[in-house]
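See structure below.
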Amino acid sequence: MSAPRAWLRRIAIALGVLFALLGAAAGYLLGTYDPPPVDPAWAVAGNQEIPPGAVSVRWTGTATMVFSDGETTWMTDGWFSRPGPLAVLGGRIAPDVAAIEHGLARNGVTKLAVVFPVHSHYDHAMDAPEVARQTGALLLGSESTANIARGWGLPERQIRVVHDRERILVGKFLITPIASRHFQFADPRLRERALGDPDITAPLVPPARALDYKVGVAWVLHVAHPRGSFLVVGSAGYLEGALDGFAADTVFLGIGGLGSQSDDYRETYWRETVERTDPSRIIPIHWDSLTAPIEGPFRGPLRAEGFLARGSDRTLEFLKAKQAANPRITFATLPRYEPVVLFR
Ligand SMILES: [Zn+2]
């Protein structure tokens, strides 16, 4: 009887080693991050003093930004929950109310006029209804975003569905949402799941799967203020000609996923967003990892993403070449939470 027992023990040890190796590989892919695809030399510090009437911005990573002119404060996305990789890949996710409270407090926000998710994927719109609930903001967006808000129980009077090129005055900020395109995922199956059948047609009640947060409309926001104009491009997508006539002093340029696109795609994206609007400053956004903790240093994409994309990230190389070719344009990346003066 001792021989079979010895075999069983060997099999058990072999299985144990195998699982440990698989666990280590998964931990490596899901727990380590590539460096962010931005030049550290672009980093600007927060401003201690905000002159009266100046327009300032505070960034929390991805496309979550708070804009203020001292009189009116409003924000894009308001995404603070940042569920980890396992919940996003296989589980269900929901707004983290405490994380949202914390995120708003770190941005100095108590009252907001408007929260406007740039599209309805979870990393933009999931928390916006709770942000609206905590701050009294009016939530603006597509019908899909409205259905995320309804699923969270936000009252109808705090929800407004907007239309392509509608001009929306929020204090002295004139916001024009322009219907555009989301960036096209390189992986055809993910592309179909994240972008095919784009609308959320009924109230979405969390917890839900990450991909239940369908894209809705991918907006580019053009914002005109007496002190200056800017463009928020939350996703590295474009519609040819859509930004014709929308000049902007500053472009918040979404670069997430840009590295996995073709050279041709990157060039066209640059032409359709930057060359169409002729900015003097570019502030790359949406380059930080979605699953890294909200505090601590910014991380680049999860190693697993690079592994799945089966290609090296060409984003930084591309942006540096554009910077060299356009010396008139200043490149800047924002600190987390701290206010930076956009226009004096
Ligand atoms: Zn998206």
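FYI, it's all coordinate maths here, none of it is from the lab. As the structure is a computational prediction, the values presented were derived from the model and not from experiment. Positions of Cβ are backbone-derived with ideal geometry, glycine not excepted, and every protein chain shown enters the neighbour counts.
Before moving on, here are some points about what is shown:
- Cα gyration tensor shape for segment 95-193, rounded if a/c is under 1.5, else prolate or oblate: oblate
- If you take all other residues with their beta carbon under 12 Å from the beta carbon of V109, and give Lys and Arg +1 and Asp and Glu -1, the sum is +2.
- A cut-off under 14 angstrom between Cβ atoms defines the neighbours of Q134, and their net charge, with Lys, Arg +1 and Asp, Glu -1, is -1.
- Build a GNM of the chain with springs between Cα atoms under 10 Å apart, and of D212, D39, D123 the one that fluctuates most is D39.
- Take the convex hull of the alpha carbons in segment 1-141; its mean projected area over all directions comes to 13.0 nm².
- Diffusion constant of segment 128-267 at 25 °C, which comes from Stokes-Einstein with the Kirkwood Cα-pair radius and 0.890 mPa s, µm²/s: 150
- Net charge in the neighbourhood of V17 (other residues with Cβ under 14 Å of its Cβ; Lys, Arg +1, Asp, Glu -1) is +2.
- Positive-end residue, segment 185-340 charge dipole about Cα centroid, Cβ charges, pick of T333, S260, T201: T333
- A straight Cα-to-Cα reach below 25 Å connects K172 with the lysines K111, residues fewer than 8 places away in its own chain not being considered.
- A crude spin-label estimate for the pair N47 and D34, with each label 7 Å from Cα along the Cβ direction, gives 3.4 nm.
- For the pair D199 and D244, the difference between a 0.36 nm per residue extended length and the Cα-Cα distance amounts to 13.6 nm.
- Inter-site label distance for V17 and R227 at 7 Å from Cα along Cβ, in nm: 6.5
- Global geometry of segment 243-344, whether rounded, prolate or oblate, following the gyration tensor of its Cα atoms and the 1.5 cut on a/c: oblate
- Relative contact order (percent, whole number), the chain, Cα cutoff 8 Å, 6+ residue spacing: 23
- Here the Debye sum runs over all C-alpha atoms of the chain as equal scatterers in vacuum, and log10 of I(q)/I(0) at q = 0.11, 0.16 Å⁻¹ comes out as -0.69, -1.53.
- Membrane-span-like helices of the chain, defined as complete DSSP H segments with a Cα extent of 27 Å or more along the helix axis and a mean Kyte hydropathy of at least -0.5, are identified as 2-31.
- Among R271, R157, R191, the residue with the largest mean-square fluctuation in a Gaussian network model of the chain, with springs joining Cα atoms closer than 10 Å, is R157.
- Amide H contacts of L290 (H built 1.01 Å from N, in plane; Pro and chain starts excluded): L302 sit under 5 Å, all sequence-distant by 5 or more or on other chains.
- CD proxy at 222 nm, helix term only [per DSSP H run n ≥ 4: -39500 (n - 2.57); per residue of the chain; nearest 500]: -8500 deg cm²/dmol
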